[in-house]
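**Q** Below you will find the structure I want to go over with you.
We did not get these values from a lab; they are worked out from the coordinates using the rules stated. This structure is a prediction, so every number in the text was calculated from the model and none was measured. Don't worry about glycine lacking a Cβ; one is built from the backbone with ideal geometry, like all the others, and counts go over all protein chains shown.
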Amino acid sequence: MGEGGEPVRADFGRYRDEKICFRFELRRDGSSEPIIIKSKKGFYLIPAYFGATRRFDSLDDAVNALMKEVDSVSHEGDFY
């Protein structure tokens, strides 16, 4: 995620002259950074906080779902 919470395309470099296409870190509490993965069958959103992986037909749909999730979590402690 970028500084403003927007998704960014990641470049993980190379290993043995092959491009690294995926890196995943799992924290001690079981959370991670949210990830969108592209495959032949669609786009998969792996959420940051213990949720189920969801499949989307387009990258825009996956990004929109991710942004709703980020917005929801960022306002979790708001009181009115």
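**Q** Order 26-32, 38-44, 63-69 from most to least packed using the mean count of other Cβ atoms within 10 Å.
**A** Descending mean neighbour count gives 63-69, 38-44, 26-32.
**Q** At a Förster radius of 41 Å, what calculated FRET efficiency corresponds to the Cβ-Cβ distance of residue 57 and residue 33, to the nearest 0.05?
**A** On the way: r = 23 Å, r/R0 = 0.56.
Calculated transfer efficiency: 0.95.
**Q** Just to confirm a number: summing +1 for Lys and Arg and -1 for Asp and Glu over residues other than residue 39 whose beta-carbon lies under 15 angstrom from that of residue 39, what do you get?
**A** Overall, the nearby charge balance is +3.
**Q** Need the full-extension length gain, residue 12 to residue 44, defined as separation in residues times 0.36 nm minus the C-alpha distance. One decimal, nm.
**A** 9.6 nm
**Q** Ranked highest first by average number of other Cβ atoms within 10 Å, how do 7-13, 56-62 line up?
**A** 56-62, 7-13
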